[in-house]
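The values are calculated or read from the model by the stated rules, or taken from the named source; none is laboratory data. It should be emphasised that the depicted structure is a prediction, and the values quoted were computed from it without experimental measurement. When we count neighbours, we look across all protein chains shown, and the Cβ atoms used for this are built from the backbone with ideal geometry, even at glycine.
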Amino acid sequence: MDFTLSKEQQDIVQAARRFARGEFPPRALEFDRQEKFDLAIWQKACELGFVGVFIEEKYGGAGYGFFEHCLINEEFWAVEPGMAAQVLSSTFGAELIQLFGSEAQKESLLPKLVAGEAMMGTAITEPDAGCDVTGAVTSAVRDGDDWVLNGSKMFTTNGTVADVLLVFCLTDPDEASRHRRHSFLLVPTGTPGYRAVKIRGKMGIRASDTAEVSFKDVRVPAENLVGTRSEGFYQLMAFFNRTRLHISAQAVGLARAALEDAIRHTRDRRQFGAPLASFQATQFKLAEMATHIRAARNLYYEAAWKADQGDIDHGLVAMAKWYAARVAVDCADEAVQMHGGYGYIDEYRVQRLYRDAKILEIYEGTREIEKLIIARSLLGRNGGR
Ligand SMILES: Cc1cc2nc3c(=O)[nH]c(=O)nc-3n(C[C@H](O)[C@H](O)[C@H](O)COP(=O)(O)OP(=O)(O)OC[C@H]3O[C@@H](n4cnc5c(N)ncnc54)[C@H](O)[C@@H]3O)c2cc1C
């Protein structure tokens, strides 16, 4: 398979790199320390066309594939992961709306996301339902022409800043199959009964908003149901098969940043009368990092390219996500090690990279869940039993 980027894709990469390098570094330390963000940067990214490029042209997007969205993720994350996360998560859920939403939902929401007039998020995780999403108990009950929501969600990205959330709700608790009990509802965050509390003290991606949200008799119209009732679990799996590609690209970007910092520091820093980079032990580390990064990129390129051809390969997507996240964590660790004590201080980007990397092995499928998916793709659903 030939993954040489087209001229247009190379232009996207160059433009994304220029934007991130210009906008992110001056504010990164401040945002990380204060756990905040300046939405003007997100709006600028929207104006320049970096946000929601996978959204169809008729809804205001560029009509590119997930591949191009991945390229932008990689470039943004190769500069400052926390800020990249805040900018690019503003469409988190649009993939699902594009796949399963009604024409009216697409027309009212997608153009605003692309234009930087609205932000969204997707709330699945709950205090007692993480990896096992079928355990979600936030309920939505039909009452006349409305759905009424009650419950709470944990770790919702953009919970305090989003205009609308895509919420995974228990709509059919009596269905025999636990895979047919949930549905997605679009919930405007301005609806009475909605409450979001920002979670502080995150290890990494601290510029990105994460919240605990709750719904108390939140009433939304029946037409806010996304797609077919009780199909939520299957919609979610289809959604994750797209968004996990983005995470793989984010991980490759972060690992690249770690390698870049490691090369710069080991060239500059002298010990025992020579640059650290001249020691073979350092060279072996750099060689291993570069090779793993390339392998991780090839995995996500292949998975994203196939996805854009309509060929979703669950096992391959899981491999790309698990492997790239592992590479990011390992590269950040090695890069800190090569910085010695300086790597322990937040004035050095590498310290942030070390902290930012860990989330890649947790959200949108922990590394254990990704490995279970890979194993199932080898052994079948029953795991060889
Ligand atoms: C910064 C941040 C942003 C997030 N953003 C969002 C968001 O926007 N929307 C959203 O819905 N969620 C979001 N999450 C939540 C995230 O997706 C969950 O934390 C993740 O799915 C894991 O769920 P959990 O934390 O409940 O862990 P648990 O499910 O309790 O898992 C704990 C550990 O047990 C392991 N484990 C669980 N089951 C198995 C098994 N069967 N076999 C082997 N090991 C297993 C896991 O791999 C993990 O290591 C976010 C989380 C963070 C930290």
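Taking the conditions (1) in a helix (DSSP H, G or I); (2) surrounded by 14 or more Cβ atoms within 10 Å (Cβ to Cβ) in turn, LYS36 satisfies each one other than (1). Close contacts from segment 71-83, counting a first residue that is in the same structural domain as LYS36 (by TED's automatic domain parsing) and a second that is charged (D, E, K, R) and part of a loop (DSSP other than H, G, I, E, B), with Cβ to Cβ under 7 Å and a gap of 6+ residues or different chains, come to GLY82/ARG206. The set of residues from segment 257-272 being in contact with a helix residue (DSSP H, G or I) (Cβ under 6 Å, 6 or more places away or on another chain) and either among the polar types (S, T, N, Q) or assigned to a helix (DSSP H, G or I) (or both) comprises ALA257, ALA258, LEU259, ASP261, ALA262, HIS265, THR266, ARG267.
Of TYR300, TYR354, which residue is within 16 Å of the ligand (Cβ to nearest atom) and buried (at least 21 other Cβ atoms within 10 Å of the Cβ)? The conditions single out TYR354. Is one or more of the residues making up segment 180-193 surrounded by fewer than 18 Cβ atoms within 10 Å (Cβ to Cβ) and within 15 Å of the ligand (Cβ to nearest atom)? For segment 180-193, residues surrounded by fewer than 18 Cβ atoms within 10 Å (Cβ to Cβ) and within 15 Å of the ligand (Cβ to nearest atom): absent. In the set PHE215, PHE233, PHE239, only one residue is away from the ligand (no atom under 12 Å from the Cβ), touching a strand residue (DSSP E or B) at 6+ places or on another chain (Cβ under 8 Å) and in a helix (DSSP H, G or I); that residue is PHE233.
Among the residues in segment 165-174, are any surrounded by fewer than 23 Cβ atoms within 10 Å (Cβ to Cβ) and in contact with a Gly (Cβ under 6 Å, 6 or more places away or on another chain)? So far as segment 165-174 goes, no, none of its residues is surrounded by fewer than 23 Cβ atoms within 10 Å (Cβ to Cβ) and in contact with a Gly (Cβ under 6 Å, 6 or more places away or on another chain). Restricted to helices (runs of 4 or more DSSP H) entirely inside segment 58-146, those with at least 1 residues that are within 22 Å of THR228 (Cα to Cα) and more than 12 Å from the ligand (Cβ to nearest atom) are 94-100, 103-115. Across segment 330-349, not a single residue is classified as farther than 16 Å from ASN73 by Cβ, part of a helix (DSSP H, G or I) and either in the same structural domain as CYS70 (by TED's automatic domain parsing) or within 15 Å of the ligand (Cβ to nearest atom) (or both). Those residues that are assigned to a helix (DSSP H, G or I) and aromatic (Phe, Trp, Tyr), I need them from segment 273-291; list them, please. Passing the criteria: only PHE284.
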